[in-house]
């Protein structure tokens, strides 16, 4: 369970992922892992806003799937056990750290060095499930990783991918954390 490790350990893990991205980028002569190539502040806000909107729509699509699909409901039930009872602020921190670190590593460092296909396969492998019934989650992560990679190719930066990934994670971590609290019979914290 993510909750049992504590947010501090998880933060150190994602700091390590970010540092790995910096090392990979240096070794592969990738000049900038975020690549803000002369974007104006309105362009940055537009990319981030579009990513948040896309992430919200993708999270809503999963919620709809979970409503109608027994497989999606089973995946959710298993993910509740993986995530555990986490509050809103921890879910947001974890979403920010994971969205930034993973996108900078896979789209900002690996993709420019090794290509879209390699980055997408490695992203999928990084989401191998702790339980075999979570394979649909791994497949969806792989498809989303390919989408994040295509968006990065189109925009030549990772801002949209980071915002989309962070939003998906924030919504789903908060939702799964609340479900874990309900399962344990606790009231959920407001934060």
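Quick notes on this structure:
- Take the Cα of residue 135, step 7 Å toward its Cβ, do the same at residue 156, and the gap between the two points is 4.1 nm.
- The orientation-averaged projection of the convex hull spanning the C-alpha atoms of the chain amounts to 10.9 square nanometres.
- Computed from the Kirkwood radius of its Cα pairs, the Stokes-Einstein diffusion coefficient for the stretch 86-177 at 4 °C and 1.567 mPa s stands at 98 µm²/s.
- Annotation: extensible slack from residue 9 through residue 32 equals 5.6 nm (criterion: 0.36 nm per residue apart, minus Cα-Cα distance).
- Listed peptides 77-83, 108-114, 63-69, 37-43 by packing density, highest first (mean Cβ within 10 Å): 108-114, 77-83, 63-69, 37-43
- Nearest-0.05 FRET efficiency for residue 45 and residue 128, computed from C-beta distance (R0 30 Å): 0.30
- Averaging Cα coordinates gives a centre for the stretch 105-136 and one for the stretch 20-54; these two points are 18 Å apart.
- Sum of -39500 (n - 2.57) over DSSP H runs of 4+, divided by residues of the chain (222 nm, nearest 500): -25500 deg cm²/dmol
- One decimal place: the segment residue 182-residue 118 gains 19.1 nm when fully extended, by the rule 0.36 nm per residue minus the C-alpha distance.
Computed from the coordinates by the stated procedures, all read-outs in this text should not be read as laboratory data. Here the structure is a predicted model, which is why all the values come from computation and not from measurement. Every residue, glycine as well, gets a Cβ built from its backbone with ideal geometry; the counts of neighbours run over all protein chains shown.
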